[in-house]
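Contents: one structure, followed by commentary.
The values are calculated or read from the model by the stated rules, or taken from the named source; none is laboratory data. For clarity, every value in this text was computed on a predicted model and none was experimentally measured. All Cβ positions, glycine included, derive from the backbone under ideal geometry; neighbour counts span all protein chains shown. Surface areas here come from the heavy atoms of the whole protein model, side chains and all, with no ligands, DNA or RNA. Shrake-Rupley method; radii C 1.70, N 1.55, O 1.52, S 1.80 Å.
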Amino acid sequence: LSRRRWVVVLLFSSYSLCNAFQWIQYSSINNVFLRFYGVSTFAIDWLSMSYMLTYIPLLFPVAWLLDKRGLRLIALAGSALNALGAWVKLGSLKPHLFPVTVLGQVICSLAQVFILGMPSRIASVWFGSHEVSTACSIAVFGNQLGIAVGFLVPPVLVPNVEDVEKLAYHISIMFFMTAGVATALFILVVIVFKEKPPHPPSRAQALIQSRSPEEYSYVQSILRLLRNANFLLLMVTYGLNTGCFYALSTLLNRMVIHHYPGEEVNAGRIGLTIILSGMVGALISGIWLDRTKTYKQTTLVVYIMSLAGMIAYTFTLSLGHLWVVFVTAGMLGFFMTGYLPLGFEFAAELTYPESEGTSSGLLNVSAQIFGIAFTIGQGQIMDHYGTKAGNTFLCSFLFLGTVMT
C-alpha cells in the first residue's frame, strides 16, 4: 500500500470541506443576507438549492470523465472551480450585487459535481480491502465537516448589525478567508494529487485495472445499474433520507429563529451539533462495516433510528427549551448524517464490478432531486402552516424510506 494514500484522502477531504462550507454559508445566516441584499427568503434558499440543481444534469458527463480520464483531472477541476467561485463572491459586497453572488455560488456548485462522486472511488483505488469503508467515511467526512463549519463560522463572523457598511465589511472578511483557503488547497492538489498508486491496493482493483478499456462501456454500465432492482430501491431510499437532510440544513436557521428569536449563533450551533454527531456516526458505521460486512442490517437500523430522531426533533422544537433541541438534533444527526457513507458502500457492494463513481453518482442525483423537492415543499408548508407541519412532512417520507429499506 502506498503511504501517499492518507495524504490524498485528507487533501480531498479538505477541498470538499471548503466547497460544502460555501454551500451552507448563506442559509446558516439566512436572515442577515436577506436584509443585506433585500431579496426574498426563497431567493436565499435558491443559493443553497443551486448546488442540487446543477448536479442533476452534469453528473453523467463528469462521471464519464472520471471513468475515462481518472482521478487527477477531476480533482484539479473540482478544486479550481471551488477557488474561482470563492473569488467571484468577493465582487458582490454591495446590496445591489446579488446576481454576482449567485454567479459565484453557481461556479461553486459546478465544483461540487466534481467532488461528490469521488469518495468511494478514492477509497477503492488507493486503499486495501480491509480499510475501504473507513477511507470512504473519511472522504465523506470532509464534506460533513464543511457543513459543520458553515453552520458555526458565518454567525460568528457576520453579526446581525443594522449598519449596511459594517455588514458589508463583516461579509467581506468571510469571503476573503474562504477564497484564500480555496486557493491554497488548489495549489496543493496541483502538487500532491496523483492518479493512482504504483501498485493496485487490492485484488478487486487489480482485476479492474487489468481489463482493457474496450471491455468497459459507460452507457452499458448505467443501464445495468438501472436494471438492478436492489440498487434502484437503495437509490430511492438514499434520496429520501439525504433529501430530508438537505432540506433540514437549508431551513434550519428559519426554524430555530421562528421559535427562538435572536438566537442566530445558537441556530448555527444546532446545525454544528447535527453534523458533528453525524460524523461520529459515519466513522462508527465505516469501522463497523469493515469488521462485519453487515450492509443491509446496518442500513436498516440506521434508517429506523433516523426516523425516530426526526420525530423527536419535530415535537420538541417548539417546547421553548433550547437544550432539548440540541439533544434531539444531535440524535437525529448521528443517524441521518451517519447514513451518507453507508449508502455509498452498500451501493458499491450491490453493484460490483461496476464503477463506484457511477453508482454513487446516481445516489447523489436521487438525493439532489429529493433535496430540491423537500426544500421547496417544506419551505412552503412552514410559511403557511408552521414548522411542525413542515417537519411532519419530512417524517412521512422517512417512514416511506424505512418501509422500502
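Couple of notes before you dig in:
- Cα-based reach from K166 at 26 Å (exclusive), listing lysines while leaving out same-chain residues under 8 positions away: K89, K94
- In a DSSP loop and with at most 13 other Cβ atoms within 10 Å, the trypsin sites (Lys or Arg not before Pro) in the stretch 188-259 are R211, R227.
- Shape descriptor for the stretch 1-70: Rg over Rh equals 1.15 (Cα atoms; Rh from the Kirkwood inverse mean 1/r).
- Each Cα pair of the chain feeds into the Kirkwood radius, which the Stokes-Einstein equation turns, at 25 °C and 0.890 mPa s, into a diffusion coefficient of 116 µm²/s.
- Calculated over the stretch 222-269: convex hull of Cα atoms, volume per residue (Å³): 77 Å³
- Taking the alpha carbon gyration tensor of the stretch 261-342, multiplying each eigenvalue by 5 and rooting it gives semi-axes of 27, 13, 7 Å, largest first.
- At most 11 other Cβ within 10 Å, DSSP loop - trypsin sites (Lys or Arg not before Pro), the stretch 1-52: R3
- Carbon and sulfur %, accessible surface of the stretch 111-162 computed with the full protein complex present, 1.4 Å: 70 percent
- DSSP loop GluC sites (Glu not before Pro) with at most 13 other Cβ within 10 Å: longest gap in the chain: 196-405
- K293 accessible area, assembled protein chains, probe 1.4 Å, Å²: 100 Å²
- Working note: Karplus 6.51/-1.76/1.60 with θ = phi - 60° gives the stretch 326-337 the couplings 4, 5, 5, 5, x, 5, 4, x, 3, 8, 5, 6 Hz, where Gly and Pro are set to x.
- Put a dot 7 Å past the Cα of L65, heading toward its Cβ, do the same for F399, and the two dots end up 4.3 nm apart.
- Helix axis angle, 41-69 relative to the chain longest principal axis, alpha carbon, degrees: 10 degrees
- HN-Hα J in Hz across the stretch 17-27 - Karplus 6.51, -1.76, 1.60, θ = phi - 60°, x for Gly and Pro: 4, 4, 5, 5, 4, 5, 5, 9, 4, 7, 5
- Over the stretch 217-404, the Kirkwood radius and the radius of gyration, each from Cα atoms, give a ratio Rg/Rh of 1.00.
- The chain: calculated mean residue ellipticity at 222 nm from DSSP helix runs of at least 4, using -39500 (n - 2.57): -28500 deg cm²/dmol
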